[in-house]
Amino acid sequence: MTSYSTIRYEHDDGLLRLTLNRPEALNAFTVTMADELVDAYRRANDDDAVRAIVVTGEGRAFCAGMDLSVEGNVFGLDEALAPSLADLRERPLPQEMETGVRDTGGRVALAMFACSKPIVGAINGAAVGIGATMTLPMDFRLLSNQARMGFVFGRLGITPEACSTWFLPRIVGLSHALEWFYRADIFGAQEAFEKGLARSLHAPEALMEDACTFARSLVRDRSPVSVALIRQMVLRNSAETHPRSAHDVESLAMFHTSIGDGKEGVAAFLEKRSPAFEGKASDLPSFVPWQAE
């Protein structure tokens, strides 16, 4: 895709500002928005000019959830199918499973998970349903002190999506995750902060500037290869069943970075100057990714 109808893609000096852009509908999520977000995250992943990503919503909401006004199955699923787990685990995935069964929010979450760039959420207002779950693969969530969030699936008689049953317990713990899912209530920014979902709370007028400043601080004078590997190592290795798996990956990562940008990093440290790293996140060692997708 070279243009988008539901999001804005604005890149400047290493920072990508990705804005959900349906303010008249409180940035409600659609199948088109899912497709565009997947494309945007993959595009950013492949673009070495993008060092970090900040995601926000246009207007007074971040994302009010799925657009329930569309005709037919509001989640864009094919009700004529009778899918099984075996069907979804087939590779390559049949097209009817890809478009008629796969959760659209999950496609976005997995594109975010696979991304090699840090993702910072600037949650400016209501983030409900998919509006809440799409924030979970982000590295950090900075919230306006007027923001509200809610995992409201139980109110609609449906279940959580966007890989949220994998992400949320890892962020806030099993008990908090279950309580939010069971209650399906809307809660404020302070509760999100107290339970560890939000990194920090901000005045609405300062949120975007603070988020951009924070995102730039994560990558300034840092090796793009190192940052990319760190992100994937922490996201993937923390879910392994034994630390030996992490050790094996860390050994390979240390080997490759030590003969790459690590040489410049050590030289810069000894010479008391800023490093000039040349490695590219689009050219990671061949062992990446080390898990089946």
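Just a yes or no: is a residue in the stretch 170-178 surrounded by 15 or more Cβ atoms within 10 Å (Cβ to Cβ) and more than 28 Å from GLU293 (Cβ to Cβ)?
Yes, there is a match, as at least one residue in the stretch 170-178 is surrounded by 15 or more Cβ atoms within 10 Å (Cβ to Cβ) and more than 28 Å from GLU293 (Cβ to Cβ).
Cβ-Cβ distance below 9 Å, separation of 6 or more or different chains: which pairs start in the stretch 239-259 with a residue that is without any contact (Cβ under 8 Å) to a residue 12 or more places away in the chain and over 19 Å from LYS280 (Cα atoms) and end on one that is open to solvent by less than 100 Å² (accessible area, probe 1.4 Å) and aliphatic (A, V, I, L, M)?
Between residues of the stretch 239-259 that are without any contact (Cβ under 8 Å) to a residue 12 or more places away in the chain and over 19 Å from LYS280 (Cα atoms) and residues that are open to solvent by less than 100 Å² (accessible area, probe 1.4 Å) and aliphatic (A, V, I, L, M), the close pairs are GLU240/ALA246; GLU240/VAL249.
What number of residues within the stretch 212-231 satisfy the criterion of being part of a helix (DSSP H, G or I) and in contact with a helix residue (DSSP H, G or I) (Cβ under 7 Å, 6 or more places away or on another chain)?
5
Of all residues being in a helix (DSSP H, G or I) and hydroxyl-bearing (Ser, Thr, Tyr) in the stretch 74-122, which is farthest from PRO160 (Cα to Cα)? Just the residue, please.
The qualifying residue farthest from PRO160 (Cα to Cα) is THR99.
Can you name every residue in the stretch 191-207 that is open to solvent by 30 Å² or more (accessible area, probe 1.4 Å) and within 29 Å of ARG236 (Cα to Cα)?
Once the filter is applied, which keeps residues that are open to solvent by 30 Å² or more (accessible area, probe 1.4 Å) and within 29 Å of ARG236 (Cα to Cα), the stretch 191-207 yields GLU191, PHE193, GLU194, LYS195, GLY196, ARG199, LEU201.
Residue-by-condition table, conditions (1) modelled with pLDDT under 95; (2) surrounded by 10 or more Cβ atoms within 10 Å (Cβ to Cβ); (3) closer than 27 Å to PHE167 by Cβ; (4) charged (D, E, K, R):
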| site | (1), (2), (3), (4) |
| --- | --- |
| ARG236 | no, yes, yes, yes |
| SER245 | no, yes, yes, no |
| ASP248 | no, yes, yes, yes |
| ALA253 | no, yes, yes, no |
| VAL266 | no, yes, no, no |
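Report yes if some residue within the stretch 187-197 is within 26 Å of TYR41 (Cα to Cα) and not in a helix (DSSP H, G or I); otherwise report no.
Within the stretch 187-197 (the criterion being within 26 Å of TYR41 (Cα to Cα) and not in a helix (DSSP H, G or I)), the answer is yes, since at least one residue qualifies.
The values are calculated or read from the model by the stated rules, or taken from the named source; none is laboratory data. Because the structure is a prediction, the values reported are computed rather than measured. Neighbour counts are summed over all protein chains in view; Cβ atoms, including those assigned to glycine, are modelled from backbone coordinates with ideal geometry. Surface areas here come from the heavy atoms of the whole protein model, side chains and all, with no ligands, DNA or RNA. Shrake-Rupley method; radii C 1.70, N 1.55, O 1.52, S 1.80 Å.
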